[in-house]
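Here the structure is laid out as structure tokens; the discussion comes afterwards.
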Amino acid sequence: GAGVSQSPSNKVTEKGKDVELRCDPISGHTALYWYRQSLGQGLEFLIYFQGNSAPDKSGLPSDRFSAERTGGSVSTLTIQRTQQEDSAVYLCASSVLAGGTDTQYFGPGTRLTVL
Amino acid sequence: DAKTTQPNSMESNEEEPVHLPCNHSTISGTDYIHWYRQLPSQGPEYVIHGLTSNVNNRMASLAIAEDRKSSTLILHRATLRDAAVYYCILRDVGDDKIIFGKGTRLHILP
């Protein structure tokens, strides 16, 4: 079946503008995650949704970042008043429990460049 | 997530087996050992996971030491497509987010 999809694949924006990044998880996966990866760096957790529970926002770097998940499926990550340090690849993953732990399936990412 | 230690980089020849080590001396009894890999310009990809016993799947094998303080990811016959960063991660039951370390960058020589 279809994997995790993300759009757009690339986004170039000017400093100070708002951007929205979209994630379509695998159908039936109850958990959805956002990570980001800056150039040459490791992956950094941002936010986690599980079913109808309140999201874990502990990884969001500032209040300019927010995310929502509508109907337990599609998620949108919004970055307001973008800064150059927000430039990174933003990765979405969804998961299902398998044998007591979950396996996360990642999308291809959105490469965000803030000029 | 408990800490893991991996070599920064490794090299292997194409069509030969590759053994990627991971040390996790502070592992707890309920920590699962997960491996993910990230090919160039792609998102991470699940490889394998295990708890106590060795595991095999289509992609690789996971050999877990008897004391669980270390493990080895085995690629039986490396191809150029296996060149990637390999992450060894400990995840307790109920852990949600993955804390990725720096991983091992595997280079495959033709």
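A short reminder: the numbers here are calculations on the coordinates, not readings from a lab. Please read all numbers here as calculations on a predicted model, not as lab measurements. Cβ placement follows ideal geometry from the backbone for every residue including glycine, while neighbour counts extend to all protein chains displayed.
Key figures for this structure:
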item: Values of log10 I(q)/I(0), in the order q = 0.11, 0.14, 0.16, 0.18 Å⁻¹, for the protein assembly as shown under a Debye, Cα-only, solvent-free model; result: -0.56, -0.89, -1.12, -1.32
item: Descending Cα extents along the principal axes, the stretch B:35-110, whole Å; result: 37, 26, 20
item: Equivalent ellipsoid, the stretch B:1-49 (semi-axes from 5 times Cα gyration tensor eigenvalues, Å); result: 23, 15, 11
item: Within 10 Å of each Cβ in B:92-104, the average number of Cβ atoms from other chains; result: 5
item: Trypsin sites (Lys or Arg not before Pro) restricted to DSSP loop in the stretch B:34-72 with at most 14 other C-beta within 10 Å; result: B:58, B:69
item: Reciprocal mean inverse distance between Cα atoms of chain A - Kirkwood radius, Å; result: 14.2 Å
item: Cβ crowding within 10 Å averaged over residues, with A:81-90, B:10-19, A:9-18 ranked highest first; result: A:81-90, B:10-19, A:9-18
item: Spin-label pair residue A:56/residue A:17, simplified geometry with 7 Å Cα→Cβ offset, distance in nm; result: 3.4 nm
item: Estimated FRET transfer efficiency when R0 is 41 angstrom, pair residue B:13-residue B:102 (beta carbons, to 0.05); result: 0.95
item: Entries in A:11/A:57; A:17/A:57; A:17/B:102; A:15/B:3; A:11/B:3 that, when Cα-Cα distance is taken, lie over 30 Å; result: A:17/B:102; A:15/B:3; A:11/B:3
item: Spin-label model distance (nm) - residue B:45 vs residue A:68, 7 Å beyond Cα toward Cβ; result: 3.5 nm
item: Relative contact order [Cα under 8 Å, 6+ residues apart], chain B, whole percent; result: 38 percent
